[in-house]
Amino acid sequence: MNDQSTTYEPNATEQTPDASTTVAANQAAESTTAPTGSTPGAARTTTTGSTRTTSPTPQRTVAIIPARGGSKGIPLKNLQKVAGISLLARAINAAQASPSIDRVIVSTDHDGIAAEALRAGAEVAHRPAEIAGDTATSESALIHTLSTLDEDFDITVFMQCTSPFIDSASIENAVRTVRDDDADVVFSAVEDHSFLWRLDDDTQAVAVGHEASFRPRRQDRAKHFNETGAFYVMRTSGLIEHEHRFFGRIGIEEVPPEHAREIDDMSDLTLVRAIASTQETAQVIDVDALVTDFDGVHTDDGAYVDEDGNEQVRVHRGDGMGVSRLVKSGVPMMILSKERNPVVTRRAEKLGVDVAQGIDNKASILDAWITANDLDPARVAYVGNDINDLEAFDVVGWPIAVADAHPRVLAAARVILDRPGGRGAVREVCDLIPIPAEAAEPLPNPTLTSLRSPTGHPSTLAGHQSGHLTGHQSAAMSGHASAFPDQQPSIPRHQPQFTNRAEISRANRKQVS
């Protein structure tokens, strides 16, 4: 159900103001700003002494991103990640990077999408059920959102999450075209040289937009454009009047083919993830904390095994220098590993970082560690190499893959390192993380706390230095410990270990955004 704009008209019982009242009102209006939503190019008049100046009224612009939770082709498609960033957050980031956009609002019917919108810095308009189904138009969501706002906007930018490579410069160009009154609507499109065909009632091919017998060269044909669906910039008054995105004078903002990708199904998502993994390499990893897997990251995923079944692994000495740089600067770090071999804890002790090993479900432990250290998950990096790291990728804002990671991990990563695991990958990621100019004093070695008590029962960590963890966090960690069988494996292993150094001063750390 679409909202309708209304025009106020006095009824027959109301009296028209007399001339003196009208003159007084007009004189008062001369020193005020015209209301938003007024005619494009409307002027503001100010009087200073005997001098009178006229200037254009600034036009306000709002970006609205409809994002339903009921997508069927890809469940919760708007929350799927490309290069480690959700499709919703990518659209929000593009809108926020456009200088002409004053507010960014996500229209949704889903709590998880609303939470992601807020995390990415947008506002949320909760969409009623009657305009949240498959048959509801995007225009109905736009008009509903506009009706809920506490101010009027001259220009509305409609953006879609399904376009992951929206360029903010293209949005800005389109907004300025409408703002300068050169068009009423501008939409993103890509040049298209295809010969289109359709099937008639007899399933015979029929040429569309060209003669089947005439095949002009590409350079001799008139330009055709294909809507990308990424964004539509509209004069708000026209959108409300026509209840449709196309009206009045329509212009095109031509975008390059690489920005025209759109996601409809899983094959599209797989393709854009592959594109992003090769084209969106970060020069700086701007985070407040670093977590890594062990096998395949600190090691090359190989092991030496002697005749008694004892294992040894090879690590890269250069990694230690990179880790030391971050640790001395107060950047929280943890090794989070499924491996139960005590070598993991021994390596963490030498590096002076937290460790949680023997973990089958990494997401809960990672989430608890982030909370214990009072960190923003969006500013935490996790480095992994195999499919059991994907759950941890979903927790953090910076999922990172080593160069020789599993293809699914490479596709899900925000950053792919140049070096493989055990060959300097940890050093590489440490060097990409900026730190404060002044390094902190060397930190004390962590106190290792078992997730199982000596009796074999799960420990809540309540009596240790990590005792400030909340109950649900402790329960989460205990749950992981109880997941392991009581019988001992044939090769001696340590039980899951977790250390926490949240109480260590982080005076030189960057503030969490």
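The values are calculated or read from the model by the stated rules, or taken from the named source; none is laboratory data. What you are looking at is a predicted structure, and each value in this text was computed from that prediction instead of being measured. FYI the Cβ positions are ideal-geometry reconstructions off the backbone, even for glycines, and counts take in every protein chain you see. In case anyone asks, the SASA skips ligands and DNA or RNA and just uses the protein heavy atoms, side chains included. Shrake-Rupley method; radii C 1.70, N 1.55, O 1.52, S 1.80 Å.
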Of the numbered conditions (1) more than 16 Å from residue 81 (Cβ to Cβ); (2) at pLDDT 95 or above; (3) not hydroxyl-bearing (Ser, Thr, Tyr), residue 359 fails exactly one; give the number of that condition. (2)
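State all residues of region 284-315 that are of a type in the set (Val, Ile, Thr) and either at pLDDT 95 or above or open to solvent by less than 60 Å² (accessible area, probe 1.4 Å) (or both); if no residue qualifies, say none.
Taking region 284-315 first, the residues of a type in the set (Val, Ile, Thr) are 284-285, 287, 291-292, 297, 299, 305, 313, 315.
Listed by number, the residues that qualify are 285, 287, 291, 292, 297, 299, 313, 315.
State all residues of region 134-158 that are among the small types (Gly, Ala, Ser) and either crowded, with 23+ Cβ neighbours inside 10 Å or under 24 Å from the mean Cα position of the chain (by Cα) (or both); if no residue qualifies, say none. Before the answer, list the steps.
Going through region 134-158, the residues among the small types (Gly, Ala, Ser) turn out to be 136, 138, 140-141, 147.
138, 141 - these are the residues of region 134-158 that are among the small types (Gly, Ala, Ser) and either crowded, with 23+ Cβ neighbours inside 10 Å or under 24 Å from the mean Cα position of the chain (by Cα) (or both).
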Only one of (1) over 28 Å from residue 415 (Cα atoms); (2) touching a residue at least 60 places away in the same chain (Cβ under 8 Å); (3) of a type in the set (A, V, I, L, M) fails for residue 124. Which number is that? (2)
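Of all residues being of a type in the set (Val, Ile, Thr) and assigned to a loop (DSSP other than H, G, I, E, B) in region 289-305, which is nearest to the chain's Cα centre (by Cα)? Just the residue, please.
For region 289-305, the residue satisfying everything is 297.
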Given the conditions (1) more than 14 Å from the chain's Cα centre (by Cα); (2) at pLDDT 95 or above; (3) over 20 Å from residue 245 (Cβ atoms), which single one is not true for residue 122? (1)
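When you go through 114, 189 one by one, which is the residue that is open to solvent by less than 30 Å² (accessible area, probe 1.4 Å) and under 30 Å from residue 213 (Cα atoms)? Step through it out loud before you land on a result.
Values: 114 fails: under 30 Å from residue 213 (Cα atoms).
Answer to the selection: 189.
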With the requirement that a residue be open to solvent by 30 Å² or more (accessible area, probe 1.4 Å) and in contact (Cβ under 8 Å) with a residue 40 or more places away in the chain, what does region 380-403 give you? 386, 388, 394
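Go through region 331-351 and count every residue that is open to solvent by less than 30 Å² (accessible area, probe 1.4 Å), over 17 Å from residue 383 (Cα atoms) and either in contact with an Asp or Glu (Cβ under 9 Å, 6 or more places away or on another chain) or modelled with pLDDT of 95 or more (or both). Before the answer, list the steps.
Taking region 331-351 first, the residues open to solvent by less than 30 Å² (accessible area, probe 1.4 Å) are 331-337, 341, 344-345, 348, 351.
Okay, now just the ones that are also over 17 Å from residue 383 (Cα atoms), so 341, 345.
The next check asks that each one be either in contact with an Asp or Glu (Cβ under 9 Å, 6 or more places away or on another chain) or modelled with pLDDT of 95 or more (or both); those that pass are 341.
Count: 1.
Is it the case, given these coordinates, that residue 256 is touching a Phe, Trp or Tyr at 6+ places or on another chain (Cβ under 9 Å), touching a residue at least 60 places away in the same chain (Cβ under 8 Å) and either over 25 Å from residue 395 (Cα atoms) or surrounded by 13 or more Cβ atoms within 10 Å (Cβ to Cβ) (or both)? Break it down into steps so the answer makes sense when it comes.
On the way: touching a Phe, Trp or Tyr at 6+ places or on another chain (Cβ under 9 Å): no; touching a residue at least 60 places away in the same chain (Cβ under 8 Å): yes; either over 25 Å from residue 395 (Cα atoms) or surrounded by 13 or more Cβ atoms within 10 Å (Cβ to Cβ) (or both): yes.
In short, no.
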Of residues in region 242-283 being of a type outside the set (Gly, Ala, Ser) and closer than 30 Å to residue 373 by Cβ, the one modelled with the highest pLDDT: 273
Tally time: how many residues in region 427-437 are under 27 Å from residue 275 (Cβ atoms) and buried (at least 24 other Cβ atoms within 10 Å of the Cβ)? 1
